[in-house]
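I'd like to ask you about the structure that follows.
Laboratory data are not the source of any read-out in this text; all were calculated from the coordinates shown. Please read all numbers here as calculations on a predicted model, not as lab measurements. Positions of Cβ are generated from backbone atoms using ideal geometry, with glycine treated the same way; all protein chains shown enter the neighbour counts.
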Amino acid sequence: MDWTDPLRKLAPSVSHPAPESVASSELSSVFADHDDDRWYKTCDVLLKTMKDDYIPNSSQDDTPKVLHTFLMKLPKDGQLALMSEIQLLKNDAARLRQLRNFLVDTILKPIMAAGGKNPKTPITPSPYPGAKDAIPSSMSKIEPSFRKDQASLKADCLRREGYRCALTNKVDRNTKNQALLGAGARTVLTQCAHILPFALRNFNEQNAQETENKATIWWALYRYFPDLKDLIGPDSINQRQNALTMLGDLHREFGDFNLALEPLGNNRYRVCWMTSPGNYGVPEIITLTSNDLSIPLPDPKYLWVHFRIAEVLEVSGVGKTIADALEKEAWDPENIEPNGSSDIGSILSRKMLTGI
């Protein structure tokens, strides 16, 4: 069956609300001091000011909660960018909502959807005016990658993992190594799981809107997770450092961001379940090792970003909202009622996740 890119039909993008100057001198000095107490105190004061002054537009308006969650989970450089934007927009509720929507539409929706679902995800424009120049500029630099090297990627990862699931150590059914099989050994089917989702890699270079949408997503990832810059992009999503072998069910949990690996150093990871853990026999702590030193291990930076995004999805509540919308979208009938009774607006809104 042909693979359908879940992000291929992104709607036109919107814009980022903050001015060109990114960091106030106060925030820059806090960042330069490497003073964690002062840093988080500054965060708390800023968030309290925003929360006290922010006027929600409905009972479902979760803007302060989403911005707070992002701010607590981003790396320091990403925090600095977001703190600066909140500082500049704190008295403008509409633009703070736009900033919230930009973060959800460029990071949470496409990454969760690309992890295994099939929405048509819209993108809210960045409220940061610098994005108006930066995103078109990056459009000329990003290049897509394609599926042709998928087989070799899986083969390399299987060899690196010793023909086992990296999390459970169970032997892959297709191994040719008889020593691994043994007498009556129980084998499993494994899959090659991308850490940063595979769907972020492709777009139609002839379609200006698709190119702009993918450029916007990658611009946001680099802005708020700067460690990714120069390490990975749409043309290098299939790198061996961005994949690992796991059971098919674990791949689904990982793609849904219910399962994440928290880096502990020295290729050790804490296995984190965002909801109740599945019964897969995964230990609490795993160590990734290579059976073929010519194939690099998964990059902890990628697993750290995946872990942090999983936390944001869980703590903010946006992950459940997206999951519920995707589940409903999967059950929508494709045929419209001929008598005109179908709620076209609701169906399209749900399919495009515009109500999140």
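What is the gain in length, in nm to one decimal, between ILE285 and VAL45 on full extension, counting 0.36 nm per residue of separation less the C-alpha to C-alpha distance?
Details: separation 240, 0.36 × 240 = 86.40 nm, distance 3.62 nm.
Stretched out fully, the ILE285 to VAL45 stretch lengthens by 82.8 nm.
Taking the number of other C-beta atoms within 10 Å as the exposure measure, put TRP218, TRP304 in order starting with the fewest.
TRP304, TRP218
Determine, from the Cβ-Cβ distance of SER294 and ARG270 and an R0 of 30 Å, the FRET efficiency 1/(1 + (r/R0)^6), rounded to the nearest 0.05.
E(calc), rounded to 0.05, equals 0.60.
Then there is this: Over the residues of region 147-307, compute the C-alpha Rg and express it relative to 2.2 N^0.38 Å.
Numbers: Rg = 16.6 Å, N = 161, 2.2 N^0.38 = 15.2 Å.
Ratio of Cα Rg to 2.2 N^0.38 Å: 1.09.
Could I ask something else about it? List nothing, just return the count: lysine pairs in region 147-307, 8 or more apart or interchain, with Cα separation under 23 Å. If you can, show how the numbers build up before the last one.
Details: LYS148/LYS214; LYS154/LYS170; LYS154/LYS176; LYS154/LYS301; LYS214/LYS229; LYS214/LYS301; LYS229/LYS301.
For region 147-307, the number of qualifying lysine pairs is 7.
Amide H to amide H, which residues 5 or more places from ARG164 or on other chains are under 5 Å from it, using H placed in the peptide plane?
Sorted by chain and number, the residues that satisfy this are ASP172.
Can you grab the distance from the C-alpha centre of region 44-96 to the C-alpha centre of region 278-318, Å, no decimals?
The two parts, judged by their Cα centres, are 28 Å apart.
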